[in-house]
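Just below is one structure, and these are the notes that go with it.
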Amino acid sequence: MKKTIIRLLTWLPLWCAVLPVQAAVILQYHHVSENTPASTSVTPAQFEQQMAYLADNQFNVVSLQTVVDAIRTKTDLPPKTVAITFDDGYQNIFENGHPILKRYGFPYTLFINPEPVGRANMMDWDTLSQLSQEGATIANHSYRHGHLIRKQEGENQAQWEARIRADIEKTEAIIAEKTGHNVKMLAYPYGEYNQALRQLLDNMGFVGIGQHSGAAGPYSSLTAVPRYPVAGPYADMATLKVKLHSLNMPVAAVDGEESELIGRNRPTLTVTLAGDDVRTKELMCFIQGQGAKAPTWLDANTFTIQADLPLPAGRSRYNCTAPSRTQNGYYWYSQPWIQANPDGSWPAE
C-alpha cells in the first residue's frame with residue numbers, strides 16, 4: 001500500500017514491545033466568561049475548578065514550548081503533564097482567566113490575531129505585553145483569523161502559498177516587535193489545515209497546532225499537534241478528567257490523512273500502531289454525527305476506518321480510542337476533516 005504520509009519509528013521494529021511513553025495533554029480555551037457563546041466558553045467558576053483540579057492533583061503544568069521540544073526530541077515528559085492555551089486574545093481572558101493562572105503559577109500560551117487587537121472585547125498590545133511578562137507566551141494565530149486553506153477567487157497554488165506565507169510572517173514579525181516573542185508556533189484558525197498548509201509550515205520552520213482531540217507526544221506530528229477544546233459540554237469535569245489522563249496513540253504510520261476532502265466524502269483512514277500496549281480488540285472509533293464504529297484490522301498492528309455515510313460539508317472528525325494494557329487511561333487519536341459544499345462554496349461560519 002502506498003503511504004501518503006509516513007512516520008515510521010526507524011529505531012524500533014513495529015513488532016517489538018514498546019514501553020509506554022509519557023505524553024502531554026494540551027487544553028484549548030477561547031473565552032472565560034458567563035456572557036459569551038457557550039460553544040467556545042467556560043465560566044470563571046468552571047475555569048477555577050479546572051485549574052484547582054490540576055493543582056490539587058499534582059499535574060505538571062508546563063509551557064507549550066516544553067511540550068513541543070519534547071515531541072521534537074522524542075523525549076518523555078513527566079507523568080500528568082499539561083499545557084494550557086487560549087485562542088484569539090479576548091479581554092475576558094485577561095480579566096477572568098489570567099488572575100487564576102497567575103495565582104497557581106501556571107504558564108500558558110495565547111494565540112492571537114494582530115488585526116483585531118484593541119477592538120471591542122479584545123486585548124490591546126499593552127495588555128498583551130503585560131501578560132507576556134507574567135507567564136504568557138504570545139504566539140501566531142494568523143493576521144485576521146482567516147480560513148487559511150481556502151483559495152481566493154482566481155488564485156493558483158503558488159499565489160495561495162505566497163499569500164499565506166506573507167500572512168504568517170507578517171503576524172510573527174508584529175508579535176515579535178510588540179512582545180519580544182518569536183516562538184514560531186501557529187494555531188490553525190478554526191483548526192483547519194491540509195497537507196499543503198502543513199508542508200508550508202514545515203518549510204517555514206513553524207509548528208502547527210490543531211483543534212482535534214488527543215494527547216500529544218513522540219508520535220505526534222509537529223504540523224498537526226492535537227489539543228482538547230474545553231468549552232460547552234466539553235467543559236464538564238467528569239469528561240475533562242478522562243481527557244487529562246489520556247495517552248498519546250502510538251501511530252507509526254498513517255495513510256489517508258489529507259484533511260481537506262475533495263471527491264471523497266467517506267474518507268478511509270488506515271493507521272499502523274507501534275508496540276503492543278494498545279488493547280487493539282477494544283479500539284473503537286467515533287465518527288462525528290454517525291456514532292461508534294469498530295475498525296477493520298488488516299493485520300495485528302494496522303486498522304482501517306471509514307464512515308458509513310457521507311460526511312457533511314464543513315468540519316468533522318474521526319476519533320479513535322483504546323485502553324492501555326499497562327497504564328490507566330485511554331490512547332486517543334483524532335483525524336479532522338474539512339470539505340466544501342458540492343458546488344465548491346464553503347458553509348457559512
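The values are calculated or read from the model by the stated rules, or taken from the named source; none is laboratory data. All values derive from a computational prediction rather than experimental measurement. Glycine also receives a Cβ, built like all others from the backbone with ideal geometry; neighbour counts cover every protein chain displayed. Ligands, DNA and RNA are stripped out before the accessible areas are found, and what is left, the full protein with its side chains, is counted by its heavy atoms. Shrake-Rupley method; radii C 1.70, N 1.55, O 1.52, S 1.80 Å.
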>> Condition first: open to solvent by 60 Å² or more (accessible area, probe 1.4 Å) and at pLDDT 95 or above. Now tell me which residues in segment 67-87 satisfy that.
In response: 69, 72, 80
> Of all residues in segment 302-312, which are open to solvent by 40 Å² or more (accessible area, probe 1.4 Å) and in a loop (DSSP other than H, G, I, E, B)?
Replying inline: 308, 309, 310, 312
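For every residue, the table says whether it meets (1) of a type in the set (Gly, Ala, Ser); (2) in contact with a Leu (Cβ under 8 Å, 6 or more places away or on another chain); (3) in contact (Cβ under 8 Å) with a residue 40 or more places away in the chain.
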{"position": "104", "(1), (2), (3)": "no, yes, yes"}
{"position": "112", "(1), (2), (3)": "no, yes, yes"}
{"position": "126", "(1), (2), (3)": "no, no, no"}
{"position": "135", "(1), (2), (3)": "yes, yes, no"}
{"position": "146", "(1), (2), (3)": "yes, no, yes"}
{"position": "150", "(1), (2), (3)": "no, no, yes"}
{"position": "159", "(1), (2), (3)": "no, no, no"}
> Which of the residues that make up segment 55-114 are touching a helix residue (DSSP H, G or I) at 6+ places or on another chain (Cβ under 9 Å), within 24 Å of residue 242 (Cβ to Cβ) and charged (D, E, K, R)?
Replying inline: 76, 80, 87
> Given segment 257-299, what strands (runs of 3 or more DSSP E) lie entirely inside it while holding 1 or more residues that are surrounded by 20 or more Cβ atoms within 10 Å (Cβ to Cβ), of a type outside the set (Lys, Arg) and in contact with a Pro (Cβ under 9 Å, 6 or more places away or on another chain)?
Replying inline: 268-273, 284-287
> Within the bounds of segment 212-232, is there any residue that is assigned to a helix (DSSP H, G or I), at pLDDT below 95 and open to solvent by 20 Å² or more (accessible area, probe 1.4 Å)?
Replying inline: yes
> (1) surrounded by fewer than 19 Cβ atoms within 10 Å (Cβ to Cβ); (2) assigned to a loop (DSSP other than H, G, I, E, B): which one isn't true of residue 239, the others all being true?
Replying inline: (2)
> Within segment 198-211, can you find the residues that are part of a loop (DSSP other than H, G, I, E, B) and open to solvent by 10 Å² or more (accessible area, probe 1.4 Å)?
Replying inline: 205, 206, 211
